[in-house]
């Protein structure tokens, strides 16, 4: 009887441990609230862009954030996109000094 009870307790404990571990690993992965699915083909005025975020999943893209808070997804390989990223990065390093 004692062996039977010990085995049941061990199985319950292992199940609880496995469930806790699975929940922890899923919860520890941060989910992005917004992600790019469709990319805009229009050029954005670089002066109105205040920030950007790069993403690789579900599509490779750069999400520009404008002064009005509008988020625009564009292809990262375009020349004007690279220029805008460099300009924003320069602004960031200038502000830190």
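How many of the residues making up the stretch 76-86 are outside any loop (DSSP other than H, G, I, E, B) and surrounded by 14 or more Cβ atoms within 10 Å (Cβ to Cβ)?
Of the stretch 76-86, the ones outside any loop (DSSP other than H, G, I, E, B) are 79-86.
Next, only the ones that are surrounded by 14 or more Cβ atoms within 10 Å (Cβ to Cβ) stay: 81, 84-85.
Summing the residues that are outside any loop (DSSP other than H, G, I, E, B) and surrounded by 14 or more Cβ atoms within 10 Å (Cβ to Cβ) in the stretch 76-86 gives 3.
Looking at the structure I just gave you, is residue 65 within 19 Å of the chain's Cα centre (by Cα), more than 14 Å from residue 38 (Cα to Cα) and assigned to a helix (DSSP H, G or I)? Here the answer is no, as residue 65 does not meet what is asked.
Here is a check on your reading of the model: is residue 73 within 19 Å of the chain's Cα centre (by Cα), modelled with pLDDT under 90 and surrounded by 14 or more Cβ atoms within 10 Å (Cβ to Cβ)?
Values: within 19 Å of the chain's Cα centre (by Cα): yes; modelled with pLDDT under 90: no; surrounded by 14 or more Cβ atoms within 10 Å (Cβ to Cβ): yes.
Against the criterion (within 19 Å of the chain's Cα centre (by Cα), modelled with pLDDT under 90 and surrounded by 14 or more Cβ atoms within 10 Å (Cβ to Cβ)), residue 73 does not qualify.
In the stretch 25-51, the residue that is modelled with the highest pLDDT out of those that are over 14 Å from residue 71 (Cα atoms) and in a helix (DSSP H, G or I) is 47.
The values are calculated or read from the model by the stated rules, or taken from the named source; none is laboratory data. This one's a predicted model, so the numbers in the text were calculated from it and none came from an experiment. Positions of Cβ are backbone-derived with ideal geometry, glycine not excepted, and every protein chain shown enters the neighbour counts.
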